[in-house]
1. Residue check: is Asp139 touching a strand residue (DSSP E or B) at 6+ places or on another chain (Cβ under 7 Å), surrounded by fewer than 20 Cβ atoms within 10 Å (Cβ to Cβ) and either at pLDDT 95 or above or assigned to a helix (DSSP H, G or I) (or both)?
2. With respect to Ile178, is the statement that it is farther than 22 Å from Glu266 by Cβ, within 13 Å of the ligand (Cβ to nearest atom), surrounded by fewer than 20 Cβ atoms within 10 Å (Cβ to Cβ) and β-branched (Val, Ile, Thr) true?
3. With the condition kept exactly as written, say whether any residue in the range 256-263 is over 21 Å from Leu68 (Cβ atoms), acidic (Asp, Glu) and modelled with pLDDT of 95 or more.
4. Kindly list the number of the only condition in (1) touching a residue at least 24 places away in the same chain (Cβ under 8 Å); (2) open to solvent by 40 Å² or more (accessible area, probe 1.4 Å) that fails for Ala127.
5. Quick check on Ala70: is it assigned by TED's automatic domain parsing to the domain that holds Thr118 and touching a Lys or Arg at 6+ places or on another chain (Cβ under 7 Å)?
6. Can you name every residue in the range 77-123 that is among the aromatic types (Phe, Trp, Tyr), within 28 Å of Thr175 (Cβ to Cβ) and modelled with pLDDT under 95?
7. Given the criteria away from the ligand (no atom under 11 Å from the Cβ), acidic (Asp, Glu) and under 19 Å from the mean Cα position of the chain (by Cα), does Glu120 qualify?
8. Among the numbered conditions (1) under 30 Å from Ser319 (Cβ atoms); (2) surrounded by 14 or more Cβ atoms within 10 Å (Cβ to Cβ), tell me where Lys117 comes up short.
Amino acid sequence: MTKILTGLQPSGTLHIGNYLGSILNWHDTVNEVPNAQAFLTIVDLHAITIKQNPDALRQQIYELAAVLLASGVDYKRHVVFPQSANPDHTYAGWLYTCITPMGWLDRMTQFKEKKQKTTEYKESVGAGLYAYPTLMAADILLYDADLVPVGIDQKQHVELTCDIANRFNSLYGETFRIPEFKTNKETTKIFDLQHPEKKMSKSDQDDAGRISLTDSSDQIRKKIMRAVTDDENEVRFDSEKKPGISNLLVIMAAVTGRKKEDIATEFRTAGYGAFKGAVAEAVITYLSPVQQKMRDYLDDIPQLQQILDEGAARAHSISHPKVLEAVTKMGLYLHG
Ligand code: TYM
């Protein structure tokens with residue numbers, strides 16, 4: 001059976017890049033593979049690699065769970081769970097930390113970027129931020145995932161996961177399945193509306209460049225109308241010369257299911273104001289039902305907790321035999 005897994009950090013408010021690059025990509029992958037078993041994990045242990053406010057973090061975990069469910073995930077069929085509710089992840093993460101050469105971790109660009117941001121915010125850089133990819137390997141390898149739908153920024157981490165699995169298998173015998181990175185080529189990197197040369201990011205302190213899933217229609221409209229473009233007035237796709245307009249074309253194509261070339265043809269000479277207005281309305285129409293369902297889930301936290309607890313119990317029943325197999329092969333003490 002093909003297994004599909006992805007994870008998202010509850011480290012701030014989810015934005016449309018996360019939604020299109022990850023959640024929609026997960027749905028598309030699940031729909032492409034008949035009878036897949038699929039997993040969605042809220043990786044709160046990853047979130048604490050950067051300083052978090054405990055109350056805000058708990059709320060963000062619920063919000064992320066609500067977004068996932070509002071996106072239409074069938075939680076009875078697939079497994080939706082918070083990472084920290086299954087202790088196998090930290091256990092396996094330690095096993096991988098011990099077999100991962102530091103040179104491999106030194107190469108991780110996300111660590112370098114986050115280290116720089118963390119230092120700019122005058123926070124100390126925790127060892128967890130450095131070891132982060134070994135925990136991510138646990139998220140993936142414990143479930144024998146075949147496909148990992150993510151945005152392009154996670155490619156390096158998925159490749160490292162493959163290296164870790166191969167290393168474990170060659171040291172201790174065939175144990176872990178080698179996963180494959182799966183991306184949606186159109187939405188693999190949604191860019192910041194104010195700085196279209198860099199990716200839209202949860203951790204940027206300036207919120208003007210990202211469309212958050214909790215933004216009101218007015219906020220979405222304002223942010224898109226103020227998106228940085230260029231000094232031509234022709235709507236066409238050219239990611240090098242026209243990164244702002246190209247990003248808006250990609251977003252509009254994804255939320256309407258149309259081709260970006262057809263949208264460009266329709267708006268070629270309409271003027272940037274009219275084009276941006278159309279993008280804003282398309283995004284609002286797309287997100288409104290998700291936002292409404294999200295609010296409904298957030299109105300019933302006990303129900304959310306029950307869904308997440310059941311998901312965690314199912315996740316644990318799948319991951320635990322795998323952890324036991326790994327610790328046995330490594331020669332660790334096994335009780336009982
Ligand atoms: P995170 O929480 O930063 O992002 C969640 C997902 O959103 C994608 N993404 C984007 N896609 C398109 N455009 C963007 N601007 C954009 N920004 C983010 C990310 O690629 C990701 O798919 N390390 C991971 C979380 C993780 C994980 C896992 C993922 C932990 N364990 C196991 C897959 C499998 C992360 O920090 O994602």
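1. no
2. It is false that Ile178 is farther than 22 Å from Glu266 by Cβ, within 13 Å of the ligand (Cβ to nearest atom), surrounded by fewer than 20 Cβ atoms within 10 Å (Cβ to Cβ) and β-branched (Val, Ile, Thr).
3. Yes; the residues of the range 256-263 include at least one that is over 21 Å from Leu68 (Cβ atoms), acidic (Asp, Glu) and modelled with pLDDT of 95 or more.
4. Single failed check for Ala127: (1).
5. Answer is yes for this residue.
6. Residue satisfying the conditions is Phe111 alone.
7. no
8. The number of the failed condition is (1).
The values are calculated or read from the model by the stated rules, or taken from the named source; none is laboratory data. Just so you know, these numbers come straight off a predicted model, no measurement behind them. All Cβ positions, even for glycine, are placed from backbone atoms using ideal geometry, and neighbour counts span all protein chains on display. We work out accessible area using only protein heavy atoms, side chains counted, and drop any ligands, DNA or RNA first. Shrake-Rupley method; radii C 1.70, N 1.55, O 1.52, S 1.80 Å.
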